[in-house]
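Before any comments, here is the structure.
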Amino acid sequence: MSQMGPPHGGASMPPQKAKDFKGTFRRLVSYLKPRRKKLAAVFLVAILSTVFTIIGPKIMGMAITELFEGAYGQLQGAPGAGIDFGVIGQLLALLAGLYVFSSLFSYIQQYMMSTVAQDTVYDLRQDVNKKLEKLPLKYFDGRANGETLSRMTNDIDTIGSTLQQSLTQFITSIVTIIGIFVMMLTISPLLTLIAVVTLPLSLFVIGPILKKSQKYFASQQKNLGHLNGHVEEMYTGHQVVKAFGHEAKSNEQFDAVNEELYNAGRKAQFISGIIMPMMTLIGNLSYVLISIVGGILVTQRAISIGDIQAFITYSKQFTQPITQTANIANIVQSTIAAAERVFELLDEEEEVKEVTTSVLERAKGAVAFRDVDFGYGNELLIEKMNIDVSPGQTVAIVGPTGAGKTTLINLLMRFYELNAGRILIDGLDSRDMSRHELRQNFGMVLQDTWLFNGTIRDNIAYGKTGATEEQVRDAAKAAHADHFIRTLPDGYDTILNQEVSNISQGQKQLLTIARAILADPPIMILDEATSSVDTRTEIFIQKAMSELMDGRTSFVIAHRLSTIKDADLILVMDQGKVIEQGTHQQLLDKDGFYADLYQSQFTAKLAV
Amino acid sequence: MIKVLKNLSPYKWIVWGVVALVFAQSMAELFLPTLMADIIDNGVVKGNIPYIWEIGGWMLLVSAIGAVASVFASFYSSKAAMGLGRDLRQKVFKHVGQFSLQEFDEVGTASLITRTTNDINQIQQVTIMMLRMVISAPIMLVGGIIMAVSKDAKLSLVIIGAMPVLVIAVMLILKYGIPLFQQVQKRLDGLNLVVRENLTGIRVIRAFNRETEEKARLQKANRELADVSIRVNKVMAFMMPTMMLVMNMTVVAVIWFGGIRISNGAMQIGDLMAFIQYVMMIMFALLMASFMFVMIPRAAVSAKRINEVLEMQPAFKDDGTAKADRSRGTLEFENVTFHYPGAEEPALSNISFTAKPGEITALIGGTGSGKTTLVNLVPRFYEASSGTIRVNGVDIREASQQEVRSKIGFVPQKSVLFTGTIAENIRFGKQDASDQEMKQAASTAQATEFIDQIKGGYTAPIEQGGSNLSGGQKQRLSIARALIRKPDLYIFDDSFSALDFKTDAKLRRALKDETKNATVLLVAQRVSTVVDADRIIVLEKGKMVGMGTHKELLESNKVYREIALSQLSEEEIA
C-alpha cells in the first residue's frame, strides 16, 4: 500500500480519463451516502487537526519573540529585563496541547476513515458479486475473464485507497492552503507576496517537466511491456527456440528491447528525479528571500523575530499541500475512470426475467426442439431446427473440433436465449419454468473440468447440496474414482490446490463424473473427449460415462465410433451449424458430410 | 542483495560520483540554517542591513549549488540504476538461455519469467531510491547532528533523547503493520481466486444451481478482505500522527531548554532557530532511514531469487564438435537410462531400438510411462544418465547441440507459436526458406485451407501464444514449421491431438511422401494413430514392455491389447 512507501517524485503515469466524469462521480458519492454522518465527523476532525497544526508555528513564533525580547533586554542591560519563563512556559504548554490534539484528531480521522473506505469497498464488491449472478453467459463468453477480474479487484482497490488517503488529504490540503495563507497574511502581507509569487514560478518550471516525464514514463512502460512479452514467449517456448536453433536471434531481439528500455527508463527516471531538486530550489529561493526581507523588516520593527521563524515554517509547509492537490487531481481522474469501469459492469444487461408458469420437478427426459432459430450475432447458426428425443435416448453430436458444439449446451441449459422457436422438456416450454428447475434436470461432464480449491469431498458434493458422506462415496465408487481417491494421502480430505495440479487430468474428469452421478439428473450432456489422459484412466472414464448415460436422456459430444453408431440420433455440426441429422444408417445413405467424415476415419484402418 | 549490487561495479565511479553529489547537496541543505542564524544574530539583532544582503546572497549561491548537485545526482543515479537493471536482465536472460529443460522444470517457467522481469525491476527501483534518498538519509542524519552539536552541544541532548522514541514508535507500528499487510495480500489473493473460479466455472455453477452458495463464498472472501484492510489501516493510522507528535514535542522542548540556555547567555537566538530546523532535518532523515528498513527486505527477497537463477549451472555441457551426418535418417537408442534429478526410480530404463530411413517408430503408453521424456532426450533437452543415443549415426554428445538439433524437425506436445506473422512462424524452422518452400510445408501440414481463409493469409498476425488461432490451427502451423526444415529425423510428440479425424487422415497421408528419406518418431495416445507404424514401442513405467507392429503386439502383448481394447471396438481392431 502506497502509504508505506517512500514519497514519490511526483511523476506518475498519465491518468486515464473517464468518459462521463460527472455522472460517475455522483454515483460514486451515492455509495458514501449511508456513511455520511461518519464522513462528516471525519471531515470535522480532519479540519480541526489541520487548524491546530496551522496555529502551531504562530504560537511558536510568539514564544521565540518573547525569548528574543527578554534576551535582548537582558543584553541591553535594561532594569528588570530578562526572559519571562512564565509566559514562555504558558505558550509552550499551549503549543504542546495543540500538537497533542492535532495528532489525536489526525489519528481519529484516519481511524474512522479506514472503516468508511473499506465498508464502501465492501459494498461495491457486494454489488458486483450480486451482479455476476444476474449476468447472462453472453457477457462472460464475450470478454476475457481477466477483464472482469480486474474490475472486481484492481479497480475497486483503486477506489478504496483513494477514499482512504486522498479524500481526506484533499480536504486537509485545501484547509492547509487557506489556513496558511491567512496566517501568513496576518504576519506580513509583503512576505506573503514573496511566498505566493514563487508559486506560479514553481508551476511554470514543474509543469513542462511533469509533462515530459509522463511521456518518458509511458514509453518506459511500453518498452517494459515489450520486454516482458519477449521474455515470456522465449521462456515458455524455450523448447521450440532450442529445437530450431533460435537462441542467437532471441538474444539479439532481447538486447535490442532491453537497450530501448534502458534508454527510456533512464530518461524517465532522470526527469522525474529533477522535480524534487527544482521544488527544493524554488523553496529555498523563497526561504532566502524571506530571511532577507524578514530580517530587514525586523530591524525596522515591522514584525517580530518569532514571526520570521513562523513564516519560514509556513512557507515550507505551503508547497507540500499544493503539490499534493496537483497529484490528487490525477488520482481523482484515474479513480473515476476505475469507478466507471466498475459501474459499466454493474450496468450490463441482465438475463431475461424468469417466468414460472410451469413446474418441472423431475423430468422424464423427453426433449424436443420446435422450429428453433439461434445465432450469437446476426448470423443464424441454427435455423428451423426440429428434433424429438424420447426419454432414455442418446443423441450424438459429431463434427470437427471447434464446430460449435457448446452452442447446443448453451441452448439446452438456457445459458443463451433462442432467437425463435421453443425447446420443450417433457412437453413444457423451457422458458416457462425457472432456470433453477430447468438446470436441475441437466447434468454436465465436459472436457475442461472445473474443480475448485477445496477438498475432494466438497468438489464431489458440489453436485448436491447437503449430500451425506455415504452418498459422496457411492458416487465416487460409481465413477470409478473411489480407488484413486483413497490412494491419496488425505483421501477424500485431499485439498485440490489452486491450479488443481495435484491430480491428473483423467482423475479430474472422474471427479466431475462423480459429481454428475451424485446430482442424478434425468438428462445428461457429456463430452467424450479425453485428451492427455492415460489409457487406464481412460477405460475408467468410459465405463463411468456409459453407466452415467444408462437410463438417462444423453447428449454426447461423441469421439468414439461405437457411441456414434449406437446413437438414436446423430447431429452433425460444422462451423457452428447443425448441417445434418439422422441415424448412422440414414446419414450414410444420404452420402453427405457425415458419410465423408466416417469414411475418412476408416481409410487409415483399411490399411491394416 | 549485496551480490546483486556487485553488478553495479561497472558503474562504481558513477556511484561514487552520485555519493559525492548527494553529499554536496546535503551539505548545502545543512549549511542554510547556519547562514540564516548569522542573518539573525549578526544582521537582524545588530541592525546591519548590508550584512543581511551579503549573507542572503551566499544563501542563494549555496542553494543553487545544492540544486545543481542534485540534478547531476539524478542524472547519474538514473544511469547507474537503469544500467544495473539492463545488465542484470541481460545476464539472467543469457544465463537462462543455457538452461536445459531440467533447470526449467526445477525453477518453473512462470517463476523464471517473474525473476527476469518483476524481480529485476524491483531491484532497479530500490537501487534508484537508495541512490537518491537513502544515501542522503545517513548524511543528513550525521550532518544534522554535527551541526546541531556545533550550535549547542548541551541542547543536542534533547535530540538524543527524542531519537529513540521516534525509532521505537516507528518500529512498533511496522511490527504490527507489516504482518497485517501480508495478510491483506493473502486475502486479496483469496478473493482473486474465488472470483476467478466463479468466472471460469460459470457454466458449471449455473448448471448445478449453485449461485447462492457461490455468492456466499464470494461474500465471505470479500468480508475477510475488508476486515483485515480496516485493521491494517487502523494500525497505520498511528504512523503519521505519532511521528508528527514526537517531532513537534521535540521542538517544544528545544525552545524551552534553548530559552534557558539563552537566558544564561550560552546561546544566541539565531542559533536556536537554526537548531529547530536541524531538529526537523534529523527527524526526516530518520524517517527516510526507517523506509529503508521496509524497502531493503523486500528487495532482498528479489535479489535472492535472482541469485538463485544466476548460480544455477546447466546440468551438462555442450562441447561436442563432430558433424552429425554419418548415416542420414537413422536414430538409435542403445541401453538408454534416464533419471530425473532426485528421483528414486529411473524415468526410462534400458531403452534400445534402431530406426532406419523411411520408418515410423511409434511410442505408446499411459501417462507417466516416459514417452515425452524419451523424445526429449533426442534433441538433448535432457541428458541421458547412461547409454548412447545416435542421431544420423553420431553420438549426440559428440556433436554440438546446435548441430544435432538442426537435423531434427520437432513438433512438441503443446504447439508454441510466437508473435509475428504466419509466414514468420513457419519460417521459424528455416529462416531463409523461399515462399515456395513455405507454401509446400503449409500444404503438407493441411494448413493451406485455413490460412487462405484468414484475412491477410500468410501475413496475418499471430498474437502472443497464438491466442487468435484454434488448437488445431496452431498444431498444423507447428507441424509446418518442422516440415519446412526437411530434417533427417521427425519427432511428433502427440502432435495430432487437436485435429479432427478427417484432417488427421489427410495429414498422415501427405506426411508419408514427405518422410521417405527420414525417420519418424511419434508419440501417440490413440491406437488408431499407430496402427500403420513400422515399429510400436509400448512403454510402461519407463520400461519397454513390447516392441513390434500393431498385429504382432495385439497377439503377443497384454498391455497393448488392453489399450487397444479400451479404444476400439472389436470389429475395428480386426
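For A:Ile209, the requirement of being out of contact with any Asp or Glu (no Cβ under 7 Å at 6 or more places or on another chain), surrounded by fewer than 19 Cβ atoms within 10 Å (Cβ to Cβ) and under 28 Å from A:Arg35 (Cα atoms) is not met.
Of the residues making up the range B:335-345, those that are in a strand (DSSP E or B) and surrounded by fewer than 16 Cβ atoms within 10 Å (Cβ to Cβ) are B:Asn335, B:Thr337. Just one of the numbered conditions (1) at pLDDT 85 or above; (2) among the small types (Gly, Ala, Ser); (3) farther than 30 Å from B:Thr116 by Cβ is not true of B:Ala80: (3). The residues of the range B:499-510 that are touching a residue at least 40 places away in the same chain (Cβ under 8 Å), surrounded by fewer than 22 Cβ atoms within 10 Å (Cβ to Cβ) and within 12 Å of chain A (Cβ to nearest Cβ), listed by number, are B:Lys506, B:Leu507.
Taking first residues from the range B:138-164 that are at negative phi and partners that are part of a helix (DSSP H, G or I) and acidic (Asp, Glu), the Cβ contacts under 7 Å between residues at least 6 apart in sequence or on separate chains come to B:Lys151/B:Asp271; B:Asp152/B:Asp271.
Conditions tested, residue by residue: (1) at pLDDT 85 or above; (2) surrounded by 22 or more Cβ atoms within 10 Å (Cβ to Cβ); (3) small (Gly, Ala, Ser); (4) within 30 Å of A:Ile308 (Cα to Cα).
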{"site": "B:Met1", "(1), (2), (3), (4)": "no, no, no, no"}
{"site": "B:Lys6", "(1), (2), (3), (4)": "no, no, no, no"}
{"site": "B:Ser9", "(1), (2), (3), (4)": "no, no, yes, no"}
{"site": "B:Ala20", "(1), (2), (3), (4)": "yes, no, yes, no"}
{"site": "B:Met27", "(1), (2), (3), (4)": "yes, no, no, yes"}
{"site": "B:Met36", "(1), (2), (3), (4)": "no, yes, no, yes"}
{"site": "B:Gly43", "(1), (2), (3), (4)": "no, yes, yes, yes"}
{"site": "B:Asn48", "(1), (2), (3), (4)": "no, no, no, yes"}
{"site": "B:Ser63", "(1), (2), (3), (4)": "yes, yes, yes, yes"}
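Yes or no, residue by residue, for (1) away from every other protein chain (no Cβ under 14 Å); (2) touching a strand residue (DSSP E or B) at 6+ places or on another chain (Cβ under 8 Å):
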| position | (1), (2) |
| --- | --- |
| B:Pro341 | yes, no |
| B:Lys356 | yes, yes |
| B:Thr361 | yes, yes |
| B:Gly366 | no, yes |
| B:Gly370 | no, yes |
| B:Tyr382 | no, yes |
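Only one of the numbered conditions (1) in a helix (DSSP H, G or I); (2) among the basic types (Lys, Arg); (3) under 30 Å from B:Val252 (Cα atoms) is violated by B:Lys154, and that is (1). Residues in the range B:192-234 that are hydrophobic (A, V, I, L, M, F, W, C), under 22 Å from B:Tyr176 (Cα atoms) and without any contact (Cβ under 8 Å) to a residue 24 or more places away in the chain: B:Ala226, B:Ile230. A:Gly82 satisfies every condition listed in (1) without any contact (Cβ under 8 Å) to a residue 40 or more places away in the chain; (2) in a helix (DSSP H, G or I) except (2).
Within the range B:451-470, not a single residue is without any contact (Cβ under 8 Å) to a residue 40 or more places away in the chain, among the β-branched types (Val, Ile, Thr), closer than 23 Å to B:Asp493 by Cα and surrounded by fewer than 19 Cβ atoms within 10 Å (Cβ to Cβ).
To keep it simple, each residue is scored yes or no on (1) within 21 Å of A:Glu383 (Cα to Cα); (2) in a loop (DSSP other than H, G, I, E, B).
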residue	(1), (2)
A:Ile541	no, no
A:Ser546	no, no
A:Gly551	no, yes
A:Ser554	no, no
A:Lys565	no, no
A:Leu571	yes, no
A:Glu580	yes, no
A:Leu587	yes, no
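Is the range B:488-495 home to any residue that is part of a loop (DSSP other than H, G, I, E, B), within 29 Å of B:Lys356 (Cβ to Cβ) and in contact with a Gly (Cβ under 9 Å, 6 or more places away or on another chain)? Yes, the range B:488-495 contains at least one residue that is part of a loop (DSSP other than H, G, I, E, B), within 29 Å of B:Lys356 (Cβ to Cβ) and in contact with a Gly (Cβ under 9 Å, 6 or more places away or on another chain).
Would you pick out the residues in the range A:361-383 that are touching a strand residue (DSSP E or B) at 6+ places or on another chain (Cβ under 8 Å), surrounded by 14 or more Cβ atoms within 10 Å (Cβ to Cβ) and not β-branched (Val, Ile, Thr)? Walk me through it before giving the result.
Residues of the range A:361-383 touching a strand residue (DSSP E or B) at 6+ places or on another chain (Cβ under 8 Å): A:363, A:365-375, A:380-383.
Pick out the ones that are also surrounded by 14 or more Cβ atoms within 10 Å (Cβ to Cβ) and you get A:363, A:365-370, A:372-375, A:380-383.
Listed by number, the residues that qualify are A:Ala363, A:Gly365, A:Ala366, A:Ala368, A:Phe369, A:Arg370, A:Asp373, A:Phe374, A:Gly375, A:Leu380, A:Leu381, A:Glu383.
Against the list (1) in contact (Cβ under 8 Å) with a residue 60 or more places away in the chain; (2) out of contact with any Lys or Arg (no Cβ under 6 Å at 6 or more places or on another chain), the condition B:Ala81 fails is (1).
Residues in the range A:171-192 that are within 34 Å of the chain's Cα centre (by Cα) and surrounded by fewer than 20 Cβ atoms within 10 Å (Cβ to Cβ): A:Ile171, A:Ile174.
Of all the listed residues (A:Ile331, A:Ile322), the sole one being among the β-branched types (Val, Ile, Thr) and either over 30 Å from A:Leu185 (Cα atoms) or assigned to a strand (DSSP E or B) (or both) is A:Ile331. Number of residues in the range B:93-102 that are assigned to a helix (DSSP H, G or I) and within 10 Å of chain A (Cβ to nearest Cβ) equals 5.
Annotation: of all residues in the range A:233-265 being within 30 Å of the chain's Cα centre (by Cα) and closer than 20 Å to B:Ile426 by Cα, the one that is surrounded by the fewest Cβ atoms within 10 Å (Cβ to Cβ) is A:Thr236. Among the numbered conditions (1) assigned to a loop (DSSP other than H, G, I, E, B); (2) surrounded by fewer than 19 Cβ atoms within 10 Å (Cβ to Cβ), the only one that A:Phe415 does not meet is (2). Note on the range B:195-213: residues that are more than 8 Å from chain A (Cβ to nearest Cβ) and at pLDDT 85 or above amount to 0.
Yes/no per residue for (1) more than 14 Å from chain B (Cβ to nearest Cβ); (2) free of Cβ contacts under 8 Å to residues at least 60 places away in the same chain; (3) part of a helix (DSSP H, G or I):
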| residue | (1), (2), (3) |
| --- | --- |
| A:Ala195 | yes, no, yes |
| A:Pro200 | yes, yes, yes |
| A:Ile206 | no, no, yes |
| A:Leu210 | yes, no, yes |
| A:Phe217 | no, no, yes |
| A:Leu224 | no, yes, yes |
| A:Leu227 | no, yes, yes |
| A:Glu232 | no, yes, yes |
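You will find that of B:Phe418, B:Phe410, B:Phe316, the residue that is part of a loop (DSSP other than H, G, I, E, B), out of contact with any Gly (no Cβ under 8 Å at 6 or more places or on another chain) and among the hydrophobic types (A, V, I, L, M, F, W, C) is B:Phe316 and no other.
Filter the range A:268-287 down to the residues that are farther than 19 Å from B:Gly83 by Cα and either of a type outside the set (Val, Ile, Thr) or within 7 Å of chain B (Cβ to nearest Cβ) (or both) and list them by number.
Across the range A:268-287, the qualifying residues are A:Met276, A:Pro277, A:Met278, A:Met279, A:Thr280, A:Leu281, A:Gly283, A:Asn284, A:Leu285, A:Ser286, A:Tyr287.
The residue that is farthest from the other protein chains (Cβ to nearest Cβ), counting only those in the range A:448-491 that are under 29 Å from the mean Cα position of the chain (by Cα) and surrounded by fewer than 18 Cβ atoms within 10 Å (Cβ to Cβ), is A:Thr455.
The values are calculated or read from the model by the stated rules, or taken from the named source; none is laboratory data. Quick caveat, the model's predicted, so the values are computed rather than measured. Note that each Cβ is placed from the backbone with ideal geometry, even for glycine, and that neighbours are counted across all protein chains shown.
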